[in-house]
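The values are calculated or read from the model by the stated rules, or taken from the named source; none is laboratory data. In this text, all values refer to a predicted model and were calculated from it rather than measured experimentally. A quick note on method: Cβ atoms are made from the backbone with ideal geometry, for glycine too, and the neighbour counts reach across all protein chains shown.
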Amino acid sequence: MSLILDAYGRMVMSGQAKDYAIGMHKDQAIFAIFRRHAEHPSWQVIKTPAMANAQGAFAVLGGQGQTLKRGRDLRQVLRVFDTRRFAIVS
């Protein structure tokens, strides 16, 4: 959880995120990141243990539901937030 909160904290400091939500379901856990309050999440970090042997238990989804990164190592999957494509353009 600390890896996810570190990535979220960097996004808050850069002005890319303002809120988050945590959801627990029977088959997965979701950490949703919001740009503004009361919107659909801009990004979701999902852990699905059933996918651990196939494509990896961790995934980052974009705002439109597209898979941005998937893998077995959470630290590696969260590197998708380090890329420049998430920089705010004014």
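Cβ separations smaller than 6 Å between residues 6+ apart or across chains give the following pairs from segment 1-28 residues that are free of Cβ contacts under 8 Å to residues at least 12 places away in the same chain to residues that are outside any loop (DSSP other than H, G, I, E, B): ILE22/PHE31; GLY23/ILE30.
When you check SER2 against the structure, is it at pLDDT 90 or above, of a type in the set (S, T, N, Q) and loosely packed, with under 13 Cβ neighbours inside 10 Å, yes or no?
On the way: at pLDDT 90 or above: yes; of a type in the set (S, T, N, Q): yes; loosely packed, with under 13 Cβ neighbours inside 10 Å: yes.
Yes.
When you look at ALA59, is it surrounded by fewer than 10 Cβ atoms within 10 Å (Cβ to Cβ), of a type outside the set (D, E, K, R) and in contact (Cβ under 8 Å) with a residue 12 or more places away in the chain, yes or no?
Numbers: surrounded by fewer than 10 Cβ atoms within 10 Å (Cβ to Cβ): no; of a type outside the set (D, E, K, R): yes; in contact (Cβ under 8 Å) with a residue 12 or more places away in the chain: yes.
No: the conditions fail for ALA59.
Quick grid of which residues meet (1) aliphatic (A, V, I, L, M); (2) out of contact with any Leu (no Cβ under 8 Å at 6 or more places or on another chain); (3) surrounded by fewer than 11 Cβ atoms within 10 Å (Cβ to Cβ):
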position: SER14; (1), (2), (3): no, yes, no
position: ASP19; (1), (2), (3): no, yes, no
position: ILE46; (1), (2), (3): yes, no, no
position: ALA50; (1), (2), (3): yes, yes, yes
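Taking the stated definitions as given, is ALA54 under 11 Å from the mean Cα position of the chain (by Cα) and not polar (S, T, N, Q)?
Details: under 11 Å from the mean Cα position of the chain (by Cα): no; not polar (S, T, N, Q): yes.
Against the criterion (under 11 Å from the mean Cα position of the chain (by Cα) and not polar (S, T, N, Q)), ALA54 does not qualify.
Are any residues in segment 34-75 of a type in the set (A, V, I, L, M) and closer than 20 Å to GLN16 by Cβ, and if so, which ones? Lay out the reasoning, then the answer.
Initially, segment 34-75 is screened for residues of a type in the set (A, V, I, L, M), giving 38, 45-46, 50-52, 54, 57, 59-61, 68, 74.
Result: ALA38, VAL45, ILE46, ALA59, VAL60, LEU61, LEU68, LEU74.
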